Structure formats: C-alpha cells, structure tokens
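Worksheet: one structure, shown below.
Just so it is clear, none of the values below were taken in a lab; they were calculated from the coordinates. Every value quoted in this text rests on a predicted model; they were computed, and no experiment measured them. Heads up, the Cβs are rebuilt from the backbone with ideal geometry, glycines too, and the neighbour counts pull from every protein chain shown.
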Amino acid sequence: MNAYLASVIENVKTKHANEPEFVQTVEEVFSSLEPVIERHPEYEKADLLNRLVEPERMFTFRVTWMADDGTWHTNIGYRCQFNGAIGPYKGGLRFQKNVYPGIIKFLGFEQIFKNSLTGLPIGGAKGGSDFDPAGKSDAEVMRFCQSFMQALYRYIGPDIDVPAGDMGVGGREIGYLFGEYRRLKGCWENGVLTGKGFSYGGSRIRPEATGFGAVYYLENVLKHFGEDIKGKTIAISGFGNVAWGIVKKAHELGAKVVTLSGPDGYIYDPDGIVTDEKINYMLEMRASGRNRVQDYSDKFGCEFHAGEKPWGVKVDVIMPAAMQNDVHMEQAKQIAANHIKYYIEVANMPTTNDALKFLIDQKDMVVAPSKAVNAGGVATSALEMAQNSERLVWTAEEVDKQLHQIMNTIYTMSVEAAERNGLGYNLVAGANIAGFERVADAMMQQGIF
Ligand code: GLU
C-alpha cells in the first residue's frame, strides 16, 4: 500500500484504538484510494488525509429530562460536524443505547462520502444520544427531544448544520425537535431539520426515499448484467423505515421481499411481503415500539427463526438493511456457498471489513456498498432543504423523478470512477473514489486548515 495512506491508517488506529467502528470505516474507505493518492502527490504535501480523518468540530452536551414517574435522567448528546467542504453539515441523529463517540464518528465519516456522491451541496455530519427510546412514552420522548434541542440549537441552522433522523429518530422525534427549535429561535427556519412532517415543510417521498433509492440502485446493477428485477426474490434484514421502502418499491416493480429481521430473530414469508396489508403492518410493528418481528409471523402465519439472521435463505438478492456489522465472515461464507449473486448493502457499514473483502473476491458475486445504495435518503433530505429555501412544495412525482435520477448518477459515477482507476467493475472502490475526489478537490481549493 502507498506509504502515506498506510501511515494515516496507522495514525488513526493508534489514536482511536477505543473506537473500532471508526477505525473500520477509515480502513475501508482508504483501501480504495491508492490510485488517487498516487496520482496526486499534492495531497500528501498538504497532509490532506490526516485532516480528513479529524472532524472539523465535534461536541457533546448534557441532556437531562424527566420521566413520567417524576425521576430525572441524564444522557449524553453528540454532534460531529465532520466535513463542511462541499456544503452545510448534513446527517442524521441516532438515539440508541449503544451510541458513543466511535459510532458517531464512523457514521459521520461515511456521511462525508455518501453526501458527496449525491452530487448535492451537503457536508458530512452525524449526531445522537445514548438515550434508549425503547419503552418510553410519547411525553418522555417529547421532553427528551426538547432538552436535546435546548442544548443543540445554537450550533445548527439551514446554512450551518441540518440534522435529520437515523435509528431511533423518526417523524415523531423530528417534530418535537423542530417545535423546540422554532420556540427557542422565534423564527420559521424549517430548513434546519429534514424528515419533517409534510404539514410543516417535509418532502413528499422522504419517508420512502432510502428504500426506494436502494431499489433504483439495484435495478442499475441488474441491468448491467442483462437481468430484470421482475420475479427476483430478496432477503433483507431490519423491519424499520428503510426496510419498508425497499419492500414497497420491490413489490411495485414485481420483485418480492421474503424476509425481515429484528432483535428477536427473522421471519421467512415465501409468498413475499406483497400485499398492502402486509406492507402496512410493517409500519404498525415499528410504531408499536415492541421491537419484535415475530409479530409478523404471528399475524400472517409464516416461519419465525428466533435469534437468527436471514443470511442462510436462498434468494436472488441480499440486502442487509438493519445496522452496522450485521454480516460477519461466517455469514459471508454461507452467502457465498448459497451462490447468491447480488449482495447489496443498505444499512451503514453492515458488513465487517474481512467479510466484505471476502465477498468482493468471490468470482460470481456483485457487491454494492451502502454509502452509494442508501444515499437516496440524504439526497431527498437535500431536496427537502431546496424546497424549504424556495418556500415551495414539489409533487411526489417530481421528488421521485429527481431521486431516481440521482441514484442512476451515483451508480454511473461509481462505475466510471473504478474503471478510470483501472479497477474494473468495482462498485465499492468506485463509490469510495468518486465520493472522495469531490471532497478532496473542494478541500484543496479552500486552503489548508
Ligand atoms: N441518517 C440517514 C443517513 O444515514 C439520513 C441522513 C439525512 O437525511 O440527513 O444518510
């Protein structure tokens, strides 16, 4: 490996030994950049990479809130404004018990390249809290969100930093966060958050966008191999908002999703999640807060596999859409043994680095990386920002058309970037390179800081 790249990775490993997810994503992105770094010796001269791995700004804040029983609780809030070279910081908020700086930094780092790939003016950021939404009442969530925003509102804004949802943060949370922002600032700046309700500036198609975008990307891959999405079977993990969007669009295009998973296990529905009743039930399951996918098999009478993941099921396409490090080496081997051709990542970093490398090396397998496949979500957030700043509302058709175009462009740009660098048809390296090139170029032009 190029000596400069290797030295930066070493530096990150030493400095962030207690943040393994962050180290993992830096290694993954940098493993694709060798040809670019070799071609641009000026990057090393300006020490671009050591600057890139250091967030421009990252802070924590105290979030104290009252539970329904009158007891007080204190959580940690985070915001990592990782890179603002190509636009205002942009990225979601994750509320989950396991949130710590390593998770926020890994997500923020991924977000830089994902946002760059969309071709839109958005920098990379992420935030969240170790607040555990499981089993909390609406009133508790509201008080938590209000307290969270009281600490954060000074540091965000439509031209500064625009948070959105991620795991544990959906339309309800964004509503409470926006209400508090509006109350504190006393002005109508709805471009400060995305994923809002439609009644106060949310965009049509935003709830569906990540899942729809993933399926549009998949269509591009299938087309490359002369195949049609119609009739394909798809195994996915997760059962949240992203999974719902995939199921909906896959069904619309004549494919069928046959698995869903949750912390309790996975369901296998060989008939496919293809009726309105089944698709809508996914929303009900998520809204119930029970966090159990077994409810689906109880209702529709299909198989439920407790404590397992759906990676042993024989299908045409696998789409991990739940969370990071969902597929390890052992499962990757099983996927290869089942001769599954299309491995399309959707969740952020769902595959461990060794498993990802193993899958890429399989002769008859095509691997697509999450930072490209799931970019439709944040891209549509950028379209929401555009509508907010124009004080206009676009139709669902208009937003969907733009989303579709953006996904096609992301795919094409990735293919071309890999080819240009002598790497053949390599969607993973192509996305890393294309995402990096735009940010690197902007950083170089803006001077060293
Ligand atoms: N959290 C989502 C992501 O990982 C959406 C971010 C956004 O819309 O800003 O890209």
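The condition of being under 30 Å from Asp138 (Cβ atoms) and surrounded by fewer than 19 Cβ atoms within 10 Å (Cβ to Cβ) holds for Asp68.
In region 337-366, the residues that are under 25 Å from Phe212 (Cα atoms) and without any contact (Cβ under 8 Å) to a residue 40 or more places away in the chain reach residues that are away from the ligand (no atom under 16 Å from the Cβ) and basic (Lys, Arg) with C-beta atoms within less than 9 angstrom, at least six apart or across chains, in these pairs: Ile340/Lys314; Met365/Lys341. A count restricted to region 20-60 and to residues that are surrounded by 18 or more Cβ atoms within 10 Å (Cβ to Cβ) and in contact with a Gly (Cβ under 7 Å, 6 or more places away or on another chain) stands at 3. Among the residues of region 156-174, the one identified as more than 25 Å from Leu120 (Cα to Cα), of a type outside the set (Asp, Glu) and buried (at least 18 other Cβ atoms within 10 Å of the Cβ) is Gly168. Cβ-Cβ distances below 6 Å connect the following pairs, each with a first residue in region 149-174 that is farther than 21 Å from Gly238 by Cα and in a loop (DSSP other than H, G, I, E, B), a second residue that is more than 15 Å from the ligand (Cβ to nearest atom) and among the acidic types (Asp, Glu), and a separation of six or more residues or different chains: Pro158/Glu189.
Total residues in region 356-396 satisfying the condition of being buried (at least 17 other Cβ atoms within 10 Å of the Cβ), more than 15 Å from the ligand (Cβ to nearest atom) and of a type in the set (Gly, Ala, Ser): the figure is 1. Screening region 125-145 for residues that are touching a helix residue (DSSP H, G or I) at 6+ places or on another chain (Cβ under 7 Å) and touching a residue at least 60 places away in the same chain (Cβ under 8 Å) and picking the one that is surrounded by the fewest Cβ atoms within 10 Å (Cβ to Cβ) gives Pro133.
Taken together, the residues in region 194-240 that are within 30 Å of Asp264 (Cβ to Cβ) and of a type in the set (Asp, Glu) amount to 1. Taking the stated definitions as given, is Ala379 in a helix (DSSP H, G or I) and within 17 Å of the chain's Cα centre (by Cα)? Judged against the criteria, Ala379 is a match.
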